[in-house]
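Trainee: Once you've had a glance at the structure underneath, I'll fire off some questions.
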Amino acid sequence: MEIAENDESLQGQQIYAFSTSMVLKCAVELRIADIIHSQGGPITSEKIASGIPDSPSPNISYLERIMRLLVLKNIFIVYHPLSKWIFQCVKDGGVAFKRANGWDFSSSNSGYYKLFNDDMSSTVDISMRAFLQAYKDELSSIGSMVDVGGGTGKAMYEIVKSLTYIIKGINFDPAHVIATASACEGISHIGGNMFVDIPSADSILVSWLVVKQNDESLQGLVEVWQQIYAFSTSMVLKCAVELRIADIIHSQGGPITLKQIASGVTDSPSLNISHLERVMRLLVLKNIFTVHHPSDGGETLYGPTNLSRWMLWDSKPSFVPLLLLGNNPVNIGSWHYLSQCVKDGGVAFKKANGCDVWDFASSDSGYNKLFNDAMSSTVDILMGVFLPAYKDELSSIGSLVDVGGGTGKAIHEIVKSHPHIKGINFDLPHVIATAPAYEGISHIGGSMFEDIPKADAIFIKDMLHDWNDEKCVEILKNCRKAIPEKIGKIIIVENVIGINEKDIFEEIRIMLDLTMMTLTTGKERTIKEWKKLLEEGGFPRYNFIKIPARQSIIEAYPI
Ligand SMILES: C[S@@+](CC[C@H](N)C(=O)[O-])C[C@H]1O[C@@H](n2cnc3c(N)ncnc32)[C@H](O)[C@@H]1O
């Protein structure tokens, strides 16, 4: 398959869309917006850090990396130089939340219950102004009104207050919600079940309010809302991959009906077609599939796009393995610890799972496979660009070791296209234990912090970004010992932030930086940060080579 770089970048952004929601959550937990707004103008990172509650020594560098994504998403402005279960529910119906947590979760979990009601009250603040303006005249002719499912009564109170208490307001919700509602003038709170009986009144309010479109002042509100729910795009993509929707549509070679998609979903005797339709609606909105409504009233047809090609299980390159790793519960769970890491350092993955990602992979074969398959898929994505761009340089190398090479896919592709190279794949023993045999490649298990196998040159792809500067310097010094001083070199293929700020991959690099912050001690580095690292690691001479990919090539020499 030919790589259209725009499609790759778009698909990558959608897979990592959840990172925006998670970083926003982290910013809210740290109260970053409150701190900046309370100062009434632009403030420095140090000033923000000093305002974070219960945090005597916040990690400024983590904070700045979080701010970088928030600025990219237009949540803040930077002044220089100051500067789970959806899949099962589609297959056989039911509600994902209930499968994951049981039903009456909010009545038995007071923390979640408070979160839920506060969230609902905030939607009232957002929408009430528009509703009251648009509906004031109609409201003034009503004597009594009951808000069914009114939560703690915020919407009813706003209505009664705006009409100077001429309406008799009733707020109706389950008893455990009403138990925590505050007394409000003009409102009676009644606890009960709307499926059994609803209190009588002149009129009923069902308060999911629609705000007027095309109001510019609402633009920011809508953008923030989209970013808060950005994770739903990643999750619906995961659902679609688990159901193999792209494979079903592509295998038919053209637009097909919902029923045809449904009949292609395996192991689902009672597939929920309405859930499937709603999943398809978001995927169409996100340009993953096309939709066609025949003018003769025939059934709606869904077709493939350049983006859906990246979601095929058996075609290469594919984003399927990366999507399954990025959105799996172990990784997603770690993101909830991000604000804690800003407050007191450490790695979110370790806080969530009790050990680092490599120890986790060595003790969990399922996660190990998920991880290694995802890494191999990034090799498939890269090699179509790297090999043509670097073929002349590779022809003069006799032996090459891939340090942290995973299961050996990258060195295999290099040796396949340059069979004269003696290839060595070097990684931790639990990774090497699952590596397939490749002609011309020897697999060696070990640790790069101890000893690296000798070769003319070293290849490193997407590995140094897993480590902090101190650890990278250790790795680079060991690399230097493994290659001949005069003719040796390392070929690093990694992200370089800012190498071309306008290119389509910059947003992914920044999202991946936050991913590295969440999962490892590492980071995505700018040119300046790479230069410092290379010099400290014993590589004073280097070149940065831009290629049409997320990564750049960095060649570095011992002398
Ligand atoms: C992000 S993955 C990149 C894999 C591969 N380079 C690729 O891009 O597909 C980082 C790799 O470093 C390996 N690694 C971690 N600690 C290591 C160590 N101490 N010695 C050797 N490899 C290590 C991991 O097992 C993993 O395969």
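The rows are residues; the columns are (1) surrounded by fewer than 21 Cβ atoms within 10 Å (Cβ to Cβ); (2) farther than 26 Å from Gly398 by Cα.
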residue	(1), (2)
Asp503	yes, yes
Thr518	no, yes
Gln551	no, no
Ile559	yes, no
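Trainee: Next question. Please specify each residue of region 465-500 satisfying the condition of being of a type in the set (Lys, Arg) and either within 15 Å of the ligand (Cβ to nearest atom) or closer than 12 Å to Gln551 by Cβ (or both).
Mentor: Of everything in region 465-500, those that are of a type in the set (Lys, Arg) and either within 15 Å of the ligand (Cβ to nearest atom) or closer than 12 Å to Gln551 by Cβ (or both) turn out to be Lys471, Lys477, Lys481.
Trainee: What's the total number of residues in region 324-355 that are assigned to a helix (DSSP H, G or I), closer than 24 Å to Pro56 by Cβ, of a type in the set (A, V, I, L, M) and under 18 Å from the mean Cα position of the chain (by Cα)?
Mentor: Here the count works out to 3.
Trainee: I'd like to check which helices (runs of 4 or more DSSP H) are fully inside region 356-464 and have at least 1 residues that are modelled with pLDDT of 95 or more, more than 11 Å from the ligand (Cβ to nearest atom) and under 22 Å from Leu533 (Cβ atoms).
Mentor: Output list reads 365-394.
Trainee: Among the residues in region 19-34, are any at pLDDT 90 or above and part of a loop (DSSP other than H, G, I, E, B)?
Mentor: Yes, because at least one residue in region 19-34 is at pLDDT 90 or above and part of a loop (DSSP other than H, G, I, E, B).
Trainee: In region 108-163, what residues are closer than 16 Å to His176 by Cβ and at pLDDT 75 or above?
Mentor: Gly149, Gly150, Gly151, Thr152, Gly153
Trainee: Can you name the number of the only condition in (1) part of a strand (DSSP E or B); (2) away from the ligand (no atom under 15 Å from the Cβ) that Phe539 fails?
Mentor: With (1) part of a strand (DSSP E or B); (2) away from the ligand (no atom under 15 Å from the Cβ) applied to Phe539, the lone miss is (1).
Trainee: I would also like to ask the following. Scan region 225-241 for residues that are in contact with a helix residue (DSSP H, G or I) (Cβ under 8 Å, 6 or more places away or on another chain) and surrounded by fewer than 18 Cβ atoms within 10 Å (Cβ to Cβ) and report the count.
Mentor: Within region 225-241, residues that are in contact with a helix residue (DSSP H, G or I) (Cβ under 8 Å, 6 or more places away or on another chain) and surrounded by fewer than 18 Cβ atoms within 10 Å (Cβ to Cβ) number 3.
Trainee: Okay, moving on. Please count how many residues of region 221-253 are within 15 Å of Leu285 (Cβ to Cβ) and assigned to a helix (DSSP H, G or I). Please lay out each step first, then the result.
Mentor: Quick first cut of region 221-253, residues within 15 Å of Leu285 (Cβ to Cβ) only: 222, 225-226, 229-230, 232-237, 239-240, 245.
Now restrict to residues that are assigned to a helix (DSSP H, G or I): 222, 225-226, 230, 232-237, 239-240, 245.
Going through region 221-253 one residue at a time, the tally reaches 13.
Trainee: Still on this structure: Can you say whether Ala361 is in contact with a Cys (Cβ under 9 Å, 6 or more places away or on another chain) and either surrounded by 22 or more Cβ atoms within 10 Å (Cβ to Cβ) or outside the structural domain of Pro255 (by TED's automatic domain parsing) (or both), as far as the supplied structure shows?
Mentor: Spelling it out, it is not the case that Ala361 is in contact with a Cys (Cβ under 9 Å, 6 or more places away or on another chain) and either surrounded by 22 or more Cβ atoms within 10 Å (Cβ to Cβ) or outside the structural domain of Pro255 (by TED's automatic domain parsing) (or both).
The values are calculated or read from the model by the stated rules, or taken from the named source; none is laboratory data. Keep in mind it's a predicted model, so treat the numbers as computed, not measured. Counting neighbours? That spans all protein chains shown, and the Cβs are built from the backbone with ideal geometry, glycine included.
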